[in-house]
Structure formats: C-alpha cells, structure tokens
Amino acid sequence: MLIPKGALVVSCQARADNPLHGPVLMAAMARAAEQGGARGIRANGSDDVAAIRAVTALPIIGIAKVWDDRFPVYITPGFAQAEQIARAGADIIGLDATPRPRDGEPVERLIGRIRSELGREVFADIATLEEGRAAHAAGATYIATTLSGYTEETASRKTEGPNLELLSALVAEIPGPIVAEGRFDTPELVAEAFRRGAHAVVVGTAITNPREITRKFVRALP
C-alpha cells in the first residue's frame with residue numbers, strides 16, 4: 001500500500017491560465033506540502049510528475065488531463081497517457097473510472113493494462129456507488145469520490161461541500177481503501193472524512209490555489 005492510512009494527499013495542479021502553472025512551481029508546491037505534513041501528492045502531466053519526483057520520495061498519484069470536446073472523460077482517458085506518467089515517475093495512476101465515453105479502451109480494460117503492463121496501482125475517480133463497485137471489481141486499488149457532482153448523472157445532486165454520504169456508502173460496501181476527494185476545504189471536513197472511515201483525504205484548491213483562496217476571501221468583503 002503506497003498511500004498510508006490516515007494520510008493527507010495534496011493535489012498540486014495549476015492550469016495554463018494560472019500564474020503558478022509549470023513544473024518548477026508545482027515541484028516547489030509539492031515540497032512545501034511535504035514540509036507541512038502531506039504524505040502523498042497528486043499531480044497532472046508528465047512534466048509536473050517528473051519535476052515533483054525529482055524533489056520528493058512521497059508517493060505520487062499521476063494523472064494526465066486531455067481535453068477533447070468529443071468526450072466527457074479527460075482524466076487519463078487512455079493507456080498512452082498512463083504510460084507517459086508512469087515513465088515520468090508516478091507510483092499510482094489516477095483515472096476517470098466512470099463508464100462515460102472516452103478516447104481509449106473501456107475503463108475496465110484500461111485498469112487491467114495499467115496493473116499488468118505498467119505494474120502500477122490504480123486510483124479510480126468515481127461519482128457514484130455503482131461506479132465504485134465496478135472500479136474495485138476491475139482491480140483499482142483506491143476508490144475516490146473525486147467526481148461526485150461533476151458528471152452529468154450527479155451534477156443536479158452536487159452539494160456545496162463534499163459528498164460525505166457517498167464516502168460513507170463506499171466505506172460500508174467496498175473492502176478496500178476509500179479516498180475522500182472533492183470540495184474538502186476545511187480541516188473540520190477532513191477530520192469528518194476520517195471519522196467516516198476514509199483511508200486518505202485529497203485536498204487541492206484549498207491548499208494549492210492562491211488565486212481561488214483569494215477570491216474566497218474577496219467574496220466576503222463589504
């Protein structure tokens with residue numbers, strides 16, 4: 001098990017329009033997260049993964065976002081992306097494990113290939129209990145609540161905070177590490193996730209996106 005039980009994982013990502021975009025800054029962010037007590041890093045793209053791998057021995061959940069208007073799945077949609085981030089130094093491959101259309105093979109086959117051909121554990125981003133069941137059955141090591149509220153099926157049920165009910169349902173049914181991710185923006189919510197049985201919690205924007213953090217404070221101004 002690469003991600004220890006009780007771990008805080010920090011997602012170090014910045015899109016191209018963000019002033020922090022780029023491998024050098026994301027590597028610095030990962031170092032800062034490690035110094036703060038993070039026990040894992042989530043990172044996007046082979047360049048960022050390689051830069052972070054060079055500065056930390058923490059387990060890295062690597063993803064590769066590929067935006068394509070033809071397909072709703074953009075988080076590591078195919079084997080080629082998984083192979084790139086594995087070569088860059090990712091210990092675990094994160095992917096969209098929903099059954100939605102993607103530019104690649106069916107997710108069950110993709111999970112199997114990552115396990116057998118790359119020798120990497122799989123971190124499955126899901127939105128529903130049924131998707132969690134399927135990803136676990138296909139061989140994913142970690143099941144994460146990442147996409148709850150962000151798929152067509154769940155958008156209308158999106159909560160302002162994290163989907164704690166989904167977390168509890170996954171923990172109750174799936175005999176494997178369940179990871180809480182998605183809209184965890186306070187220490188109190190992280191603590192609640194662990195009370196509900198989460199193996200680990202991933203926090204991103206609330207730690208690593210100063211622009212969004214600033215906007216949150218600005219909205220409180222008179």
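The share of accessible area on the chain that comes from carbon and sulfur is 54 percent, using a 1.4 angstrom probe.
For mean projected area of the Cα convex hull in nm², the choices are (i) 12.1; (ii) 16.9; (iii) 11.4; which was calculated from the structure? Computing mean projected area of the Cα convex hull in nm² and matching it to (i) 12.1; (ii) 16.9; (iii) 11.4 gives (i).
Using R₀ = 41 Å, calculate the FRET efficiency as 1/(1 + (r/R₀)^6) where r is the Cβ-Cβ separation of Lys158 and Val24; round to 0.05.
Working from the Cβ atoms, E equals 0.75.
For Ile114, the accessible area of its heavy atoms, probed at 1.4 Å with every protein chain present, is near 0 square angstrom.
I want the local charge near Ala206. Using Cβ-Cβ distances under 15 Å, sum +1 for each Lys or Arg and -1 for each Asp or Glu among the other residues.
Its environment carries a net charge of 0.
Summed over qualifying helices (DSSP H, 4 residues or more, each -39500 (n - 2.57)) and divided by its residue number, the chain shows a 222 nm mean residue ellipticity of -10500 deg cm²/dmol. Toward the positive end of the charge dipole of the chain, with +1 on the Cβ of Lys and Arg and -1 on the Cβ of Asp and Glu, the farthest Cα among Pro210, Ala127, Gly94 is that of Pro210.
How much accessible area per residue does segment 1-94 have, in Å², with a 1.4 Å probe?
45
Please compute the per residue accessible area over segment 121-164 with all protein chains in place, 1.4 Å probe, rounded to a whole number of Å².
For segment 121-164, the solvent-accessible area averages 40 Å² per residue.
For the pair segment 141-166 / segment 170-208, the C-alpha centres are spaced 12 Å from each other. The charge dipole of the chain, taken about its Cα centre with unit charges on the Cβ of Lys, Arg, Asp and Glu (plus for the first two, minus for the last two), comes to roughly 440 debye. Given a 1.4 Å probe, how much area per residue of segment 166-206 is accessible, in Å²? So segment 166-206 comes to 39 Å² accessible per residue, rounded to a whole number.
The values are calculated or read from the model by the stated rules, or taken from the named source; none is laboratory data. Given the structure is predicted, the values throughout are model-derived calculations rather than measurements. Cβ atoms come from the backbone with ideal geometry, glycine included; neighbour counts cover every protein chain shown. Surface accessibility is based on the protein's heavy atoms, side chains included, excluding ligands, DNA and RNA. Shrake-Rupley method; radii C 1.70, N 1.55, O 1.52, S 1.80 Å.
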